[in-house]
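Report on the structure given below.
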Amino acid sequence: MKRIDDSCARPVEFPYPAQRSSSAPIFPAAAYLCNSPEVAAELMSGQAEGYIYQRDGHPNADMFAELCREMHGGDEAIVTNSGMAALSLAMLALVKSGDHLVISNQLYGRSTQLFKEEAPRLDIQISEVDTTDIDEVRTACRDRTRLVVAETITNPLLRISDVKALAGVARACGAALLIDNTFASPAVCQPLRLGADLVMESVTKMINGHGDVTLGLLCGRRDRWDRIAQACSTWGFTSGPFDCWLASRGLATLHLRMERASSNAQKVAEFLQTQDCVESVIYPGLEMHPDHLLARRQFTPAEIGGSGGEALPGRFGSMVTFTLSGDLPAATGFIAAVAKDIPFCPSLGEISTTLSHPASTSHRGLSSDERRRLGIGGGTIRLSVGVQSPEMIVRALQKALSGLDERFAIDV
Ligand SMILES: *Cc1c(COP(=O)(O)O)cnc(C)c1O
């Protein structure tokens, strides 16, 4: 009989070999068994395909990355443990000391910190430009420019960069174009099909969509990929199996969620425009938005495997930014009044509608002058519109705004 202390728990095979589960299994294994030294050597050298150690790769990451790769129309894709890890991976794998990067002056706060505070410590030079101005980008490019970095839709002003034009400028100076597509998601925009070399996503936001995972994605062309997989494992940016499994579940409904959320966002933006105590509304789906025509052209996702360019009108994303007259006191009152229906959550891309207050969260690091120049005031609110009924969302906003009309009657 087996001694109790000799029966260490080991993974078991699926008991019925003729069957498969109808949903993806989770493989939490930290390591995989090798059949022989010969097989081990082949796996280690990359001659044979397979898994050895979770940090180097695992089935749940590969299954999720493959689905994302298909959506983006890339050659390669890799999952990282956060959006920032994906961005750091791109920088550390493709750039070395003495190189130069051109970055957007409206990047996500942590991305700006990565490029302006961490990169210079590695002797990487940075030029910050307005990437909606192609001439500014062209002028900033130098011989040693290796990466041009921009976001499809910026936070919180929702400005849109022309990916095709940026790709042309980057190519002309021998740099790769890296697009942070987090606010759009592949359901709204597929930058690789527009000429970008690399695209990154914070999977944490739209792609997972349920607010319960932190992950990132880097996807790109084969000719930029030489160092990516190795650098990902060496710097330790790899993802966990359970997170990848959850994100695969989220990805399955991304198209449905973004279609509903975009259509809701259009209705919300149009409603907000009619409100007396709302000073300004920013949404790429509004004709008055400075990049509306570009958005119409660029946000036309192809069917998977298609060549792009098939218009799916009304998909301008799920983010809406507006500014209340009455500054911070108005915003504070509004946030408190709407909190039961639309909570203040300094993230985005969840199934339910949430809001954020850029001046106190994502943009608190800027001086109030800098914020004013950008058009972000104490009264600025950023909505992440969810998939609830548009009636419910508009009713919640209307109720909270009508309270403001009374309280801020003198300001209005
Ligand atoms: C959240 C976010 C990131 C960073 O992603 P994490 O998953 O939080 O690391 C990068 N870019 C944009 C635009 C984001 O919104």
Taking the stretch 138-169 and keeping residues of a type in the set (S, T, N, Q) and part of a loop (DSSP other than H, G, I, E, B) leaves 152, 154, 155, 161
Those residues of the stretch 200-251 which are more than 14 Å from the ligand (Cβ to nearest atom), of a type in the set (Asp, Glu) and not in a loop (DSSP other than H, G, I, E, B) amount to 223
Considering the stretch 135-149, residues that are charged (D, E, K, R) and closer than 18 Å to residue 94 by Cβ, and then whichever is surrounded by the most Cβ atoms within 10 Å (Cβ to Cβ), we arrive at 146
Residue hits (the stretch 335-381; assigned to a loop (DSSP other than H, G, I, E, B), surrounded by 21 or more Cβ atoms within 10 Å (Cβ to Cβ) and not small (Gly, Ala, Ser)) are 342, 348, 350, 353, 357, 376
Sole miss for residue 124 among (1) under 21 Å from residue 225 (Cα atoms); (2) touching a residue at least 60 places away in the same chain (Cβ under 8 Å) is condition (2)
Pairing a residue in the stretch 170-199 that is open to solvent by 10 Å² or more (accessible area, probe 1.4 Å) and part of a strand (DSSP E or B) with any residue that is within 13 Å of the ligand (Cβ to nearest atom) and of a type in the set (Asp, Glu), where Cβ atoms lie under 8 Å and the two sit 6 or more apart in sequence or on different chains, gives 180/151; 180/201
Matching residues in the stretch 32-62 (without any contact (Cβ under 8 Å) to a residue 40 or more places away in the chain, out of contact with any strand residue (DSSP E or B) (no Cβ under 6 Å at 6 or more places or on another chain) and not acidic (Asp, Glu)) number 18
#### Entry: Meets criteria (away from the ligand (no atom under 13 Å from the Cβ), of a type in the set (S, T, N, Q) and open to solvent by less than 40 Å² (accessible area, probe 1.4 Å)) for residue 127
yes
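The values are calculated or read from the model by the stated rules, or taken from the named source; none is laboratory data. Note that this is a predicted model, so its numbers are computed, not measured. Every residue, glycine as well, gets a Cβ built from its backbone with ideal geometry; the counts of neighbours run over all protein chains shown. Keep in mind that these areas ignore ligands, DNA and RNA; they rest on the heavy atoms of the full protein, side chains included. Shrake-Rupley method; radii C 1.70, N 1.55, O 1.52, S 1.80 Å.
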